[in-house]
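Structure first, commentary second.
Bear in mind these aren't lab numbers, they're just calculated from the coordinates by the rules spelled out. None of the values given here were measured: they were computed from a predicted structure. So basically every Cβ, Gly included, is an ideal-geometry build from the backbone, and we count neighbours across all protein chains shown.
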Amino acid sequence: MSAPVNSLDRQIISATQAGLPLVAQPYLEVATQLGITEALLIERLQAMQQQGIIRRIGLLPNHYALGFRGNGMSVWDIPDPLVQQCGRVIGALDYVSHAYHRPRSPPDWPYNLFAMVHGPDRDTVLQKVAEIAALLRERCRSHEVLFSRRILKKTGLRI
Amino acid sequence: MAETALLDAADKALINRLQEGFPISSHPFAESGRELGLSEDDLLNRLKRLQENGLMTRFGPLYHAERLGGGLSLCAMAVPEDRFNEITELVNSYPEVAHNYERDHLLNMWFVLATEAPQRIAEVVQEITQRSGITVRNMPKIEEFFVGLKFTL
């Protein structure tokens with residue numbers, strides 16, 4: 001198994017994955033805690049961001065508390081040669097947070113493109129899904145929206 | 001939407017802007033604040049308030065799990081109503097299950113597997129299938145069309 005992340009980076013990841021301290025010099029505080037210099041921490045974070053190990057640094061909103069209460073997983077059956085093109089169209093919409101190409105699961109799951117659609121309520125989400133259907137037109141053979149009923153477990157990713 | 005009523009224009013601007021990125025530098029809040037027209041202290045106080053009010057889940061680096069060498073997949077099962085609690089307990093007992101949601105569909109249980117070793121995904125899928133007698137559909141991502149979260153206020 002490949003181990004692209006060295007042990008200092010692992011320590012940096014575990015010290016920061018729950019968030020940065022909200023102080024004027026957050027990187028200095030984390031560095032001090034790890035027993036390294038602020039300059040070294042900044043260098044490693046920049047390197048990890050460049051490699052894509054860090055997607056970005058910033059604010060993760062609680063979208064539910066901010067009023068985005070309707071969250072639907074829309075799923076689409078797209079001919080394989082068109083998935084990438086359609087994924088880009090859907091991924092560029094400002095009410096879609098993630099869009100993924102995934103394998104179908106025959107016989108009863110023909111969908112190969114998944115997109116999380118967000119809005120203030122279910123009706124808005126359904127309207128937005130209809131907008132996507134209109135954009136994709138004949139490229140989409142069928143689609144559905146799955147709303148969540150209940151969270152059964154949520155621990156977050158532990159890296 | 002009562003919580004958003006607590007937000008003024010500067011709060012909304014910083015929520016929109018800081019979802020896109022944050023500097024890696026010695027005084028990053030001062031730097032970001034300049035762009036937003038806020039002092040370092042004002043920006044920090046606003047972020048603390050957002051955290052206290054539960055409007056912000058987290059502030060910091062968002063890591064890309066697969067680039068760290070681990071496995072990640074989305075799985076689904078069609079669980080009969082009368083076995084739902086039993087199967088929830090079984091699935092949730094795996095530490096590799098990060099989130100699990102009930103959804104309104106024939107495939108009514110959807111969970112994310114995150115494992116340190118990529119090959120562990122297939123093992124967990126097979127184990128849960130065997131122990132439950134219900135096929136676990138394994139739908140790992142093939143390609144991502146990710147443009148970032150944009151909850152614009």
Legend entry - Most fluctuating residue given options B:ALA76, B:ALA114, B:ALA13, as computed from a GNM of chain B linking Cα atoms under 10 Å: B:ALA13
Inset, instruction - Could you give the size of the charge dipole of chain B about its Cα centre, using +1 on the Cβ of each K and R and -1 on the Cβ of each D and E, expressed in debye and rounded to the nearest 20? - result: 220 debye
Inset, instruction - Would you mind ranking B:GLU52, A:GLU38 by Cβ crowding within 10 Å, fewest neighbours first? - result: B:GLU52, A:GLU38
Inset, instruction - Taking the Cα centre of chain A as origin, work out the dipole magnitude from +1 charges on Lys and Arg Cβ and -1 charges on Asp and Glu Cβ, in debye rounded to 20. - result: 380 debye
Inset, instruction - Can you bin the range A:102-159 into rounded, prolate or oblate? Criterion: square roots of the alpha carbon gyration tensor eigenvalues sorted a ≥ b ≥ c, rounded for a/c under 1.5, prolate for a/b above b/c, oblate for the rest. - result: oblate
Inset, instruction - Within 10 Å of each Cβ in peptide B:36-49, how many partner chain Cβ atoms are there on average? Round it to a whole number, please. - result: 1
Inset, instruction - Grab the Cα-Cα distance for A:ILE36 and A:ARG104, subtract it from 0.36 nm times how many residues apart they are, and report the gain in nm with one decimal. - result: 19.8 nm
Legend entry - the protein assembly as shown - Debye-derived log10 I(q)/I(0), Cα point model, q = 0.13, 0.15 Å⁻¹: -1.06, -1.33
Inset, instruction - Starting with the fewest neighbours, write out A:THR124, A:THR37 ranked by other beta-carbon atoms found within 10 Å of each beta-carbon. - result: A:THR37, A:THR124
Inset, instruction - Quote the charge dipole size of the protein assembly as shown about the Cα centre in Debye, to the nearest 20; the model charges only the Cβ of Lys and Arg (+1) and of Asp and Glu (-1). - result: 320 debye
Inset, instruction - Report, in deg cm²/dmol and to the nearest 500, the calculated mean residue ellipticity at 222 nm for chain A, where each DSSP H run with n ≥ 4 adds -39500 (n - 2.57) and the sum is divided by the residue count. - result: -10500 deg cm²/dmol
Legend entry - Whole-Hz couplings from phi, Karplus 6.51/-1.76/1.60, listed for the range B:42-57; x for Gly and Pro: 4, 4, 4, 5, 5, 5, 4, 5, 4, 5, 4, 7, x, 8, 10, 6
Inset, instruction - Using a 10 angstrom cutoff on alpha carbons, build the Gaussian network for chain A and name the most mobile of A:ALA92, A:ALA134, A:ALA39. - result: A:ALA39
Legend entry - Estimated Rh, chain B: Kirkwood, alpha-carbon pairs, angstrom: 18.7 Å
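When only Cα pairs under 8 Å and 6 or more residues apart are kept, what is the percent relative contact order across the range B:1-64?
It comes to 22 percent, rounded to a whole number.
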Legend entry - Cα shape, the range B:14-65, gyration tensor, a/c 1.5 rule: oblate
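Report, as a whole number in µm² per second, the diffusion coefficient that Stokes-Einstein gives for the range A:70-147 at 4 °C and 1.567 mPa s using the Kirkwood radius over alpha carbon pairs. Could the numbers behind the result be given before it?
Working: Rh = 12.2 Å.
Approximately 106 µm²/s, per Stokes-Einstein.
Name the GluC sites (Glu not before Pro) in the range B:71-150 that are in a loop by DSSP and that have at most 14 other C-beta atoms within 10 Å, would you?
B:GLU116
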Inset, instruction - Towards the positive end of the charge dipole of the protein assembly as shown, with charges on Cβ (+1 Lys, Arg; -1 Asp, Glu), say which of A:TYR111, A:ALA65, B:ALA114 has the farthest Cα. - result: A:TYR111
Inset, instruction - Could you work out the mean count of beta carbons from other protein chains within 10 Å of each residue's beta carbon in B:133-140? - result: 3
Legend entry - Whole-percent pair-distance distribution, where bins are 10 Å wide, for the alpha carbons of chain A: 9, 28, 25, 24, 12, 2
Legend entry - Label-point separation in nm, A:ARG137 to A:GLN84, each point 7 Å along Cα→Cβ: 2.3 nm
Legend entry - Ellipticity estimate at 222 nm from DSSP helix runs (n ≥ 4, -39,500 (n - 2.57)) divided over chain B, nearest 500: -10500 deg cm²/dmol
